[in-house]
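One structure below.
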Amino acid sequence: MSEGTSELGGGVAVGRLNEVTPPFSSQAALDEAARCLYCFDAPCAQACPAAVDVSAFIRKITTGNLRGAARVILQANPLGASCARVCPVDELCEGACVVGKTNRPVAIGRLQRSVTDWAAANSKSVLRAGRPTGKRVAVIGGGPAGLTCAAELAQLGHAVTVFEAREKAGGLNTYGIVPLRLPLENSLAEVEMVRGLGVAIRTGVAVGRDVQPEDLLRDYDALFVAIGLGGGAHLGVPGEELSGVYEALDLIAAAKLGDLGHIRIGERVAVVGGGNTAIDAATVARRLGAREVTVVYRRGQEEMPAYKYEVDFARGEGVNFQWLAAPVRIVGKGQVAGLECVRTQLAAPDESGRRRPQPVPSSKYVMAVDTVIKALGQAPLASTIARLGLQVKGGRLEVDAETGRTSQPRIFAGGDCVSGGGEVVFAVQQAKRAARGIHAAIVA
Amino acid sequence: MVDLSVNLAGIKAPSPFWLSSGPVTNTAKQADLAFAAGWGGFVWKTIGTPIINVSSRLGGLNYGARRLVGLNNIELISDRSIEDNVREIADIKRRWPQQAVVASIMAESKKEAWQELVRQVEESGCDGLELNFSCPHGMHERGMGAAVGQVPEYTERTTDWVKSVARTPVIVKLTPNISDIRQPARAAKAGGADGVSLINTISSIIGVDLDRFEPIPSVNGRGTHGGYCGPAVKPIALNMVATLAQDEEFGLPISGIGGITTWRDVLEFMVMGATSTQVHTAVMHWGFRIIEDMIDGVTNYLEDKGFHSIQEIIGKAVPSLTDWGKLDLNYQVRSQIVEAKCIGCQVCFAACRDGGHDSIRLQTGTRVPMVDQETCVGCNLCLLACPVEGAIAMARVDQGKPYMSWEQYVSAAGAQGCRGG
């Protein structure tokens, strides 16, 4: 998205949703790259789930070998451009950077972004398709895991077709991460890069509806299932059907695609949930003009799954937080007029290891809001999984950790449908493992 | 207050911080700026029959984010008339009587030409002459500059021509583009020189344009050999200065030149035998203003060390420079990694394994490596590669064995051999 004053459906300046972190100038990238110590067996690379050889690509920046730098990144991680933007680098590469012991760690994420941006801007074909093997693989789901697996397999010479139910490929990178962190164009550029490897990407084609799993098993040597998760979980309180109640992912998708359509963000907004999606939705609501945005979470600040840098950013955007509060009812006649909550207190840790919230008796109160955004996590796509006849545990597909193989020998899986939801880079990691598993299985 | 004044072969200056001959010392305006900033001496850009220069003229060597670690140039001597230069020097001497102004000169290799030039230039009231026998580019193709300095007989003869008419002290500027610096230095002395200055620039090609396949700097598609200077040449210059400071046959005062950028560099040249120092590339890079920290740093150092005059430090490190054969074979140090400071980059490991003596071991459970004291030879490589100050220490481990040099070791072995035979 460019700077400017073009309008979204809701009459909002597009510029407000532009990527927040500015790119490095080429000089800043050179200066920052010069700070890297070029560690032996570098901890940053060890900390990278996608195994990007960080110090190798940073050294290439310093020698002016940007094409080589892009190759190092993209061969390890075809989604290097989006991971450069959305990875929790404080907890991964930058958290491991030894420069951080005496100084500010090297800005690895932003350096990776400058390299992948350069590659995209210069249309450098860094990755190459392998010599054709004659083997065919179907990838179900065109999100981060599906695209990664497709790219890996294409580089190994396999003919890959990606089936994506939605209109655009990219999955959560395209629809579910706010443009403030990851612009749409970057996600779509990654899709095009994968397509450039000869991968057929068929969008608007839902497996189970437009294509049958049996046919795929017949026509392809292997299947990779990367269908992600389904719609948002229900709040399970009265009033969820009222006008002014939205799903956080719908809001984010609308903001990302630049078409707010039917979504009308009011003056006072409550966002229910404590994950990164809740924080993102709250930030977007603020940027779309809401005067007061409050994140309501039933546990305490410490228990929030959202990353600290996300929460800090939202705070800077003027987002309020109400910890230890759980919605019990959405108030209103036709249109949301308030959110009734109950105070909670934390009991002993539950099976997730987090302390379980319990309502405090007689502590109900009503927040006057006109918009409620639900960010309670996504439910598994149970029906699709059932059609494939795969083993499921706790709503997640069960796979072999090393190869990504499911209970069916020719079907592999990875991404959120296996993990239950996680960072893009973990989807990449699983997809890479599965690609190796598939390769080993079909060339055997 | 520390006395910074120096006297090099009769050329007196308020400090040893001089500017060497070159683009920085071309005009009266530059001399005014330099002296106002605090420089103690100014060797005027070489005066001679005016030349014509090319464009472009300079090429730089960058290292990582550091610019101009080295500089190479193909600019020649002054392109201004002898009269203009003489008039400006006279003006400057009137305004700055305390500061040293030395005129660098170069003439074609004829006695009359040199002597006429000396007479003309000394009219300016300059404090001394510096004979440019050392430019490695352009002028040497015309039989001047390094073409003189590279042949000891020419150096002696030309120095003699100058000395027989000069009324001011004469220093000969030496070229490093030779195999033994003592030969041209002794020739200058034999010709009657009062002192020498060194080094002039090193013959070089600074780099190549990989798109155009041309050496840098390019003059309309072609390049030429240039003169190399800047921080990267300092070790070469120090070596030559120290070699002359130690040469008993030589014994003349030395003005040290070559990559001097900071007050530390100045002191290093002086403790290695220089009476004054000359700076150029650093001023081309940063301007005359760098003199402030040079004076400040040298003054603080001398005060901290309890010296009253900078002249006390001249040559102070020369006695500790010796031949390899006289070094103590029984002195032993070993590397030790200071765990509290090590940040775990393991650069020392890669350096030692691949370029040292494979004596650094990685450990499980920590990124802090360990030095194998049995195989470590105390080479310093890990210490030099380590990015953290103080994370590696070299500790002495010899057990007080007496000094034994290679020369002693060989003669002892020889004596033993005799007994055996």
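Here are some notes:
- The condition of being among the hydrophobic types (A, V, I, L, M, F, W, C), closer than 30 Å to B:Trp406 by Cα and surrounded by 20 or more Cβ atoms within 10 Å (Cβ to Cβ) holds for only one of B:Val279, B:Val266, B:Val241, B:Val318, that being B:Val241.
- Residue list for region A:226-253, restricted to those being open to solvent by less than 30 Å² (accessible area, probe 1.4 Å), in a strand (DSSP E or B) and of a type in the set (Gly, Ala, Ser): A:Gly230, A:Gly232
- Positions within region B:20-56 being charged (D, E, K, R) and closer than 16 Å to B:Gly145 by Cβ, in sequence order: B:Lys45
- Residue-level analysis places B:Glu407 outside the set of residues that are in the same structural domain as B:Met240 (by TED's automatic domain parsing), open to solvent by 70 Å² or more (accessible area, probe 1.4 Å) and in a helix (DSSP H, G or I).
- Taken as a whole, the condition of being open to solvent by 10 Å² or more (accessible area, probe 1.4 Å) and at pLDDT 95 or above applies to A:Arg268.
- Test: residue in region B:136-147 that is open to solvent by 10 Å² or more (accessible area, probe 1.4 Å), free of Cβ contacts under 8 Å to residues at least 12 places away in the same chain and over 21 Å from B:Ile257 (Cα atoms): yes
- Among the residues of region A:177-225, those identified as assigned to a loop (DSSP other than H, G, I, E, B), within 30 Å of A:Ala285 (Cα to Cα) and open to solvent by 10 Å² or more (accessible area, probe 1.4 Å) are A:Ile177, A:Arg181, A:Pro183, A:Gly204.
- In region B:219-234, the residue that is nearest to the chain's Cα centre (by Cα) out of those that are assigned to a strand (DSSP E or B) and under 16 Å from B:Leu61 (Cβ atoms) is B:Cys229.
- Those helices (runs of 4 or more DSSP H) of region A:31-106 in which 1 or more residues are modelled with pLDDT of 95 or more and within 14 Å of another protein chain (Cβ to nearest Cβ) occupy A:43-47, A:54-62, A:93-96.
- Residue match in region B:129-144 (condition: within 20 Å of B:Ser20 (Cα to Cα) and assigned to a helix (DSSP H, G or I)): yes
- Some residue of region B:181-189 being among the basic types (Lys, Arg), buried (at least 20 other Cβ atoms within 10 Å of the Cβ) and touching a residue at least 12 places away in the same chain (Cβ under 8 Å): yes
- Considering region A:21-30, and only residues there that are within 14 Å of chain B (Cβ to nearest Cβ) and not polar (S, T, N, Q), the residue that is least open to solvent (accessible area, probe 1.4 Å) turns out to be A:Ala29.
- Selected residue (criterion: surrounded by the most Cβ atoms within 10 Å (Cβ to Cβ)) from residues of region A:143-163 that are among the small types (Gly, Ala, Ser) and in a loop (DSSP other than H, G, I, E, B): A:Gly143
- Given (1) touching a residue at least 24 places away in the same chain (Cβ under 8 Å); (2) out of contact with any strand residue (DSSP E or B) (no Cβ under 6 Å at 6 or more places or on another chain), index of the condition A:Thr203 fails: (2)
- Only residues that are open to solvent by 70 Å² or more (accessible area, probe 1.4 Å) and either away from chain A (no Cβ under 12 Å) or of a type in the set (Asp, Glu) (or both) were counted across region B:328-353, and they come to 3.
- As a summary of the residue check, B:Ala193 satisfies the conditions (1) open to solvent by less than 60 Å² (accessible area, probe 1.4 Å); (2) part of a helix (DSSP H, G or I) except for the one numbered (2).
- Cβ-Cβ under 7 Å pairs, at least 6 apart or on other chains, region A:115-142 side at pLDDT below 95 and open to solvent by 80 Å² or more (accessible area, probe 1.4 Å), far side hydrophobic (A, V, I, L, M, F, W, C) and not in a strand (DSSP E or B): A:Lys124/A:Ala70
- Scan region B:49-89 for residues that are touching a residue at least 40 places away in the same chain (Cβ under 8 Å), open to solvent by less than 70 Å² (accessible area, probe 1.4 Å) and on the phi < 0 side of the Ramachandran plot and the total you get is 20.
- Test: B:Ser309 is open to solvent by less than 60 Å² (accessible area, probe 1.4 Å), in contact with a strand residue (DSSP E or B) (Cβ under 8 Å, 6 or more places away or on another chain), touching a residue at least 60 places away in the same chain (Cβ under 8 Å) and hydroxyl-bearing (Ser, Thr, Tyr): yes
- Out of A:Lys374, A:Lys393, one residue alone is under 30 Å from A:Arg286 (Cα atoms) and not aromatic (Phe, Trp, Tyr). It is A:Lys374.
- Of all residues making up region A:318-348, the number that are part of a strand (DSSP E or B), more than 29 Å from the chain's Cα centre (by Cα) and not hydrophobic (A, V, I, L, M, F, W, C): 9
- Long-range neighbours under 7 Å by Cβ, at least six apart or interchain, first residue more than 22 Å from B:Val397 (Cα to Cα) within region B:355-383, second open to solvent by less than 70 Å² (accessible area, probe 1.4 Å) and among the hydroxyl-bearing types (Ser, Thr, Tyr): none
- Meets criteria (within 14 Å of another protein chain (Cβ to nearest Cβ), of a type outside the set (Asp, Glu), farther than 30 Å from B:Gly251 by Cβ and surrounded by 13 or more Cβ atoms within 10 Å (Cβ to Cβ)) for B:Gly356: yes
- Test: residue in region A:292-301 that is part of a helix (DSSP H, G or I) and open to solvent by 40 Å² or more (accessible area, probe 1.4 Å): yes
The values are calculated or read from the model by the stated rules, or taken from the named source; none is laboratory data. The structure displayed is predicted, hence computed values, not measured ones. Here the Cβ is made from the backbone with ideal geometry for all residues, glycine too, and neighbour counts use every protein chain on show. Protein only, heavy atoms only, side chains kept; ligands, DNA and RNA dropped before computing areas. Shrake-Rupley method; radii C 1.70, N 1.55, O 1.52, S 1.80 Å.
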